[in-house]
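K.L.:
Sharing a structure with you now.
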Amino acid sequence: MKVLGETDRLPAGSTVATIGMFDGVHRGHATLVDFLKQQAAAQGKQSLVITFLRHPRQVLCPDADFKLIMPPEDRMDQIGALGPDLLMPLDFTPELAQLDSSQFIELLRDRYGVSMLVAGYNHRFGHNRGETFEDYCRHGRQLGVEVVKAPEYLGRYAPVSSTIVRGLIAAGRVVDAMHCMGRPHVLKGKVVHGFHNGRGLGFPTANVGEINPDVLLPHNGAYAVLAYVGGKRLQGMTNIGRRPTLDNGTRLSIEVNLFDFDEDIYGMDITLEFISFLRLEFKMCGLDELKRQLTKDRDNARALLQEYLTTKQ
């Protein structure tokens, strides 16, 4: 796959394209890109995926607390894994938002050589959100661009959309989100110094910081995770929350207890894959109850991770 730059232009009539945010790159997106590649191959043209660098809601409603499933660089990697010929990361600007669907199709034709535009099953584009797919087809005919609709994903985990996936992650339903995406939800950060309470309890933790603030966090609670740090894949459990039992204030923390691991990893990059929800965060009646609960969490997490890794093989 070739990633195009901002100044790249493609020959007239050379591509079959689709456009969208592709946040989460879920199973519906995979169905869309497969259909795109089939159409391009049938015409002897290149398949082109155009993805926005910024979500339209981040541009049009900058004060809204809107979070992404994944950062742009991870999204482009996952789109690349689907195998299109070309990928164009396009900055969504206020000027772009002012284009109607006809102007938008014309821009795609003239700048990226689009002869066929594959629209997602329920995708809308252009500032007039009241237009229908038939309107897009009519504009396309006038501009010499065929507009077709991709099939809906009707697999085991339908319906699926980025909105649905965001809702699942926000509710802590990381298993359901994983089914919709075909992979676990991921957070990336660095190991930073935290409160250092865990080691005294027999559960030393790595505090995860420097996470992209635009990326959605799962609901506060404990999770079974796979952690990637220093070239190793480790099993562990992560707590997202404010540590009410330890009275550490109101600051949100993300801490991971790595099983069978006791190396110094401060300052290192760490990636967390959320495999399963364990429990909500709640205040316990002292350190003894907390230690008992953490022991139960660890046993539960080990079993869930073993089941996941066994079925994944």
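K.L.:
Kindly indicate whether Gln98 is under 25 Å from Pro11 (Cβ atoms), without any contact (Cβ under 8 Å) to a residue 40 or more places away in the chain and out of contact with any helix residue (DSSP H, G or I) (no Cβ under 7 Å at 6 or more places or on another chain).
P.N.:
On the way: under 25 Å from Pro11 (Cβ atoms): no; without any contact (Cβ under 8 Å) to a residue 40 or more places away in the chain: yes; out of contact with any helix residue (DSSP H, G or I) (no Cβ under 7 Å at 6 or more places or on another chain): yes.
No; evaluated as a whole, the condition is false for this residue.
K.L.:
Hey, does segment 160-179 have a residue that's free of Cβ contacts under 8 Å to residues at least 40 places away in the same chain and part of a loop (DSSP other than H, G, I, E, B)?
P.N.:
Looking through segment 160-179, none of the residues is free of Cβ contacts under 8 Å to residues at least 40 places away in the same chain and part of a loop (DSSP other than H, G, I, E, B).
K.L.:
Ala12: exposed (fewer than 14 other Cβ atoms within 10 Å of the Cβ), of a type in the set (Gly, Ala, Ser) and modelled with pLDDT of 95 or more, yes or no? Lay out the reasoning, then the answer.
P.N.:
Working: exposed (fewer than 14 other Cβ atoms within 10 Å of the Cβ): yes; of a type in the set (Gly, Ala, Ser): yes; modelled with pLDDT of 95 or more: yes.
Here the answer is yes, as Ala12 does meet what is asked.
K.L.:
Looking only at residues in segment 148-158 that are in contact (Cβ under 8 Å) with a residue 24 or more places away in the chain and open to solvent by 70 Å² or more (accessible area, probe 1.4 Å), which one is nearest to the chain's Cα centre (by Cα)?
P.N.:
Glu152
K.L.:
Moving on to the next point. Test Val145 against the stated conditions and say whether it is open to solvent by less than 30 Å² (accessible area, probe 1.4 Å), more than 21 Å from the chain's Cα centre (by Cα) and without any contact (Cβ under 8 Å) to a residue 60 or more places away in the chain. I'd like the intermediate steps shown before the answer.
P.N.:
Numbers: open to solvent by less than 30 Å² (accessible area, probe 1.4 Å): yes; more than 21 Å from the chain's Cα centre (by Cα): yes; without any contact (Cβ under 8 Å) to a residue 60 or more places away in the chain: yes.
The answer is yes for Val145.
K.L.:
Give me the residue from segment 132-166 that is under 15 Å from Val25 (Cα atoms) and aliphatic (A, V, I, L, M) and, out of that set, modelled with the lowest pLDDT.
P.N.:
By that ranking, first place goes to Ala158.
The values are calculated or read from the model by the stated rules, or taken from the named source; none is laboratory data. For clarity, every value in this text was computed on a predicted model and none was experimentally measured. Here Cβ is always computed from backbone atoms with ideal geometry, including for glycine, and neighbour counts include all displayed protein chains. Accessible surface areas use protein heavy atoms only, side chains included; no ligands, DNA or RNA. Shrake-Rupley method; radii C 1.70, N 1.55, O 1.52, S 1.80 Å.
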